[in-house]
Amino acid sequence: MARRIFNGGKARELREQADITVRELVGILSEESELRYAEDTIRNVELGHKQPSLTLSLAWANALDVPRSELLMDAPEQDTP
């Protein structure tokens with residue numbers, strides 16, 4: 001079974017389709033989860049440099065009004081020596 005990871009590119013695509021800026025998303029996420037997130041964190045996740053916590057990924061899906069599964073993708077296969 002393939003491991004699933006957050007798809008930052010898809011999250012960015014959906015955010016832009018919803019006409020939500022990163023700053024606006026940070027505000028929505030803070031309201032949803034009562035936690036503070038930095039704009040750099042959102043950008044790094046969208047660029048694939050970081051994976052969000054479960055709390056953040058759930059709040060992100062809620063903010064975009066999509067199921068969390070829509071923001072996931074199969075992790076790339078890793079070669080084993």
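The values are calculated or read from the model by the stated rules, or taken from the named source; none is laboratory data. This structure is a prediction, so every number in the text was calculated from the model and none was measured. As a convention, Cβ positions derive from the backbone with ideal geometry for all residues, glycine included, and neighbour counts pool all protein chains shown.
Within the stretch 40-62, which residues are within 13 Å of Arg12 (Cβ to Cβ), out of contact with any strand residue (DSSP E or B) (no Cβ under 9 Å at 6 or more places or on another chain) and not in a loop (DSSP other than H, G, I, E, B)?
Ile42, Arg43, Asn44, Glu46
Could you tell me how many of the residues in the stretch 4-37 are assigned to a loop (DSSP other than H, G, I, E, B) and either surrounded by 18 or more Cβ atoms within 10 Å (Cβ to Cβ) or modelled with pLDDT under 95 (or both)?
So in the stretch 4-37, the residues assigned to a loop (DSSP other than H, G, I, E, B) come out as 7, 18-21, 34-37.
Then keep just the ones that are either surrounded by 18 or more Cβ atoms within 10 Å (Cβ to Cβ) or modelled with pLDDT under 95 (or both); that gives 7, 34-37.
So the answer is 5.
Quick one: which of Glu31, Glu24, Glu13 is closer than 13 Å to Leu71 by Cα, of a type outside the set (Phe, Trp, Tyr) and free of Cβ contacts under 8 Å to residues at least 24 places away in the same chain?
Working: Glu31 fails: closer than 13 Å to Leu71 by Cα; Glu24 fails: closer than 13 Å to Leu71 by Cα.
After applying the criteria, what remains is Glu13.
Residue check: is Leu47 surrounded by fewer than 16 Cβ atoms within 10 Å (Cβ to Cβ) and either within 11 Å of the chain's Cα centre (by Cα) or over 12 Å from Phe6 (Cα atoms) (or both)?
Taking the combined requirement at face value, the residue satisfies it.
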